[in-house]
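Down below is the structure, laid out as structure tokens.
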Amino acid sequence: MYPAAYDAGRSRKNHDEFTFQNWSDGGEIMHYAFLHMSEFFTQAIIYRSGPISGLTSNPDKDIASLTVETHLGEMTIDDYVEQGPVDGVVIVRSGEVVYERYPRMRPFDKHLLMSVSKIFVSTVIGILEDEGKVDSSAPIDRYLPELSGSGWEGVSVRDILDMASGIDCLESDEPGAYSDPSTAYYQYEASPAGLRRPPRRWNQPTHISRRSAAGVNRARPSNTRRRTRSLSWLAERVTGQLFNEIVTDMLWSRIGAESDALVSTSRVGAPASHGGISATVRDVARLGLLFTPSWNVVADESIISATHMRRIQEEGRPGIFDSRGRPVNDRVVARRATALQ
């Protein structure tokens, strides 16, 4: 079991052994990095504001004792949280915290959210669409003309939101996605790092311009599954603000967050909004409450519109989500659509 806090010796050892290649490979280095991103990566602050919204604790013992099947075998949720790969967990029901554990972190630690970060940017785009500033059916190059003539031209904002742009970029589970410095995916992942200790044999620039995205081709038609980066560039263009300031104004300053959040950036300020946001677990729970009938526990006014909720709940396109972009048969589509209901 990992300690909740590291002494100076172990902290220095993790710093000495950290590289771009190994920091997300698992084990203690990854655990340390996920809880201390600001020690390795350039960060922009997503600011909190105002009184902290209280989250009432009303523990439900039935949750702790619920038996579940896991990769470690059948065990209670409490046992799995203690033994499994869990750093911290908060379960909220009807606006109350009914289960909360921190086996491998402290409640005030800002944990890297990885792909949960995408919720921040998709929510921002949803709000901008509600305000009439973005049309998700429009092509991305309407807002970012730098992408005209590239593989991105004609790809709708909606397709990018659904991670279905068809852009020629390796999936994370394909050979070379994370290990080949010549690939666009590797270079993009390296660019937000702003590494203070460049990885061995890494001689690429510490950042790549967003305009380099215009050189990426399309591997498949849009409407087919393909991993893409987030839409923070679009949000910045439409609002004239930096991404961390957008999230501050639209979300984080309005939910009674207990702490500032962080987002990793390149040395020229491009945010890793697809996976680089760090926040406390309770603050993530506060954000999640905005999408429930208990939104008023954390906010003075409804931030997520009924239209936005309808897009999430009723306008999904399960047929595009085969991991390789292959056609999905009707039976699979029907099964996935039923699961979404």
As an exercise, use a Förster radius of 35 Å and the Cβ-Cβ distance of ILE119 and GLN83 to find the FRET efficiency, rounded to the nearest 0.05. 0.80
Please give me, ordered by residue number, the trypsin sites (Lys or Arg not before Pro) of region 106-164 that lie in loop per DSSP and have at most 14 other Cβ atoms within 10 Å. LYS133
Region 1-79: radius of gyration and largest Cα-Cα distance (Dmax), Å: 18.1, 45
Where labels lie 7 Å past Cα in the beta-carbon direction, separation of ASP62 and MET309 in nm: 2.4 nm
If each residue of separation counts as 0.36 nm, what is the full-extension length gain between THR19 and SER253 once their alpha-carbon separation is subtracted? 80.8 nm
Given charges of +1 on the Cβ of Lys and Arg and -1 on the Cβ of Asp and Glu, with all other atoms neutral, how large is the dipole of region 105-158 about its Cα centre, in debye to the nearest 20? 320 debye
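Normalised by the number of residues in region 244-311, what is the relative contact order in percent for Cα pairs under 8 Å and 6+ residues apart? Provide the component values of the computation, followed by the final result.
Details: 57 pairs, mean separation 19.5, N = 68.
For region 244-311, the relative contact order is 29 percent.
So how strong a dipole does region 74-121 carry about its Cα centre when Lys and Arg Cβ are +1 and Asp and Glu Cβ are -1, to the nearest 20 debye? The partial results should precede the final answer.
Numbers: 6 positive and 8 negative charges, 71 e Å.
Taking the Cα centre of region 74-121 as origin, the dipole is about 340 debye.
Determine the sum of side-chain charges near LEU72: Lys and Arg each +1, Asp and Glu each -1, restricted to other residues whose C-beta is under 11 angstrom from that of LEU72.
Details: positive: none; negative: GLU69, GLU74, ASP79, GLU82.
Result for the local shell: -4.
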To the nearest 0.05, what FRET efficiency results for ARG12 and SER38 with a Förster distance of 25 Å applied to their C-beta separation? 0.95
Which cross-chain or sequence-distant (5 or more) residues have an amide H under 5 Å from the amide H of VAL134, H modelled 1.01 Å from N in plane? GLU129
Gain in length, GLU301 to ILE91, computed as 0.36 nm per residue apart minus the alpha-carbon separation, to one decimal in nm? 73.3 nm
If I model a spin label at ARG267 and ARG317 as a point 7 Å from the Cα along the Cα→Cβ vector, what separation in nanometres do I get? 3.9 nm
Give me a comma-separated list of calculated 3J(HN,Hα) values for region 272-281, in order, Karplus coefficients 6.51, -1.76, 1.60 applied at θ = phi - 60°, integers in Hz, x for any Gly or Pro. 8, 6, 7, x, x, 8, 10, 7, 6, 5
Would you mind computing, in nm to one decimal, how far apart the modelled labels at LYS133 and ILE45 are, each placed 7 Å from Cα along Cα→Cβ? 2.3 nm
Sorted by chain and then number, the residues having a modelled amide H within less than 5 Å of the amide H of SER165, at least 5 places away or on another chain, are ARG226
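No lab work stands behind these numbers, since they all come straight from the coordinates. Model, not experiment: these values are computed from the prediction. Neighbour counts run over all protein chains shown; Cβ positions are idealised from the backbone, glycine included.
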